[in-house]
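J.: Take a look at the following structure, please.
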Amino acid sequence: MAGSVEVENDDPINSTLTDLTNDEIRMLVSGIYSSQNRAVTAADYEAVCYRMPAQFGVIKRVTATRDLFSPRRALNLYVLGENNNKNLGNVGQEIKDNLKTWIQQYKSISDSIDILDGKIINFQVKFTVLSNAAFDAVDATIAANKALRDYFGRRKYNFGESINISQISKRLNDLEQVDDVLKISFRVKNGPNYSSVDYNFIANTTADGRYIKIPEDFIFEIKKYDETIVGEAI
């Protein structure tokens, strides 16, 4: 259970730094240098959230946006934590309260802060590849599945970040066991242990077929690779 925040002069960086992926470390470090111990821009507020000491709760993803429809022009902070399986999940009210207290020492007096749950879109990727004539189709299927597991194991999405379909296709095409990617598709994965958020992947694919877009308070996550990476070679 997270403890309650008591603001001190010290500002230690989150002690879970060693548990972060390269993408997460880049998000944290870029924000540290921009915030300069005060929060003015949305990026400043994001950096402050990542810097909250771990004993008060861990914020794994955050995005800050201005609510233009609010009379107070409130700043909405959409946040997510991490569960015991290292997957994204909502944070409890105690951590939200701690975060709001932590932010007080950095925020502008005129800023009103609302801390909200981000929306997770769990998804499945299906593919069909043409195997190289020098390899068995089974070997090509195994290689392709492994390549995507490695890719998504390293590729962690941030709020509002698109799925790069071209990059995923290239990862498969670069395999010596694969001659061509014939089909690749994405769909929502719901059910037990998955998010209940629905999403239309086809409608949100760019006209050139290269990216799948999402709103700034949504985030893509793929997990349980045995169920969510499904492919075959022919």
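The values are calculated or read from the model by the stated rules, or taken from the named source; none is laboratory data. The structure displayed is predicted, hence computed values, not measured ones. Here Cβ is always computed from backbone atoms with ideal geometry, including for glycine, and neighbour counts include all displayed protein chains. Accessible surface areas use protein heavy atoms only, side chains included; no ligands, DNA or RNA. Shrake-Rupley method; radii C 1.70, N 1.55, O 1.52, S 1.80 Å.
J.: Give me the pairs, please: first residue somewhere in segment 182-206 and small (Gly, Ala, Ser), second residue anywhere and at pLDDT 95 or above and open to solvent by 50 Å² or more (accessible area, probe 1.4 Å), beta-carbon distance under 7 Å, and either six or more positions apart or on two chains.
T.: From residues that are small (Gly, Ala, Ser), the pairs are Ser185/Lys126.
J.: Here's a follow-up. Starting from residues that are among the β-branched types (Val, Ile, Thr), open to solvent by less than 50 Å² (accessible area, probe 1.4 Å) and modelled with pLDDT under 90, keep the ones in segment 21-72 and report whichever is farthest from Phe218 (Cα to Cα).
T.: Ile32
J.: Can you find a residue that is out of contact with any Lys or Arg (no Cβ under 6 Å at 6 or more places or on another chain), modelled with pLDDT of 95 or more and more than 30 Å from Arg66 (Cα to Cα) anywhere in segment 77-98?
T.: no
J.: Just for segment 167-209: of the residues that are loosely packed, with under 14 Cβ neighbours inside 10 Å and charged (D, E, K, R), which one is farthest from Ala133 (Cα to Cα)?
T.: Asp198
J.: If you don't mind, another one. Taking the conditions exactly as written (farther than 21 Å from Lys223 by Cβ, among the aliphatic types (A, V, I, L, M), surrounded by 21 or more Cβ atoms within 10 Å (Cβ to Cβ) and in contact with a strand residue (DSSP E or B) (Cβ under 8 Å, 6 or more places away or on another chain)), does Ala144 satisfy them or not?
T.: no
J.: Which numbered condition trips up Val79, out of (1) among the hydrophobic types (A, V, I, L, M, F, W, C); (2) assigned to a strand (DSSP E or B); (3) touching a Phe, Trp or Tyr at 6+ places or on another chain (Cβ under 8 Å)?
T.: If we test Val79 against (1) among the hydrophobic types (A, V, I, L, M, F, W, C); (2) assigned to a strand (DSSP E or B); (3) touching a Phe, Trp or Tyr at 6+ places or on another chain (Cβ under 8 Å), just (3) comes out false.
J.: While we're looking at this one, here's another question. Right, Tyr78: open to solvent by less than 70 Å² (accessible area, probe 1.4 Å), touching a strand residue (DSSP E or B) at 6+ places or on another chain (Cβ under 9 Å) and in contact (Cβ under 8 Å) with a residue 40 or more places away in the chain or not?
T.: In short, yes.
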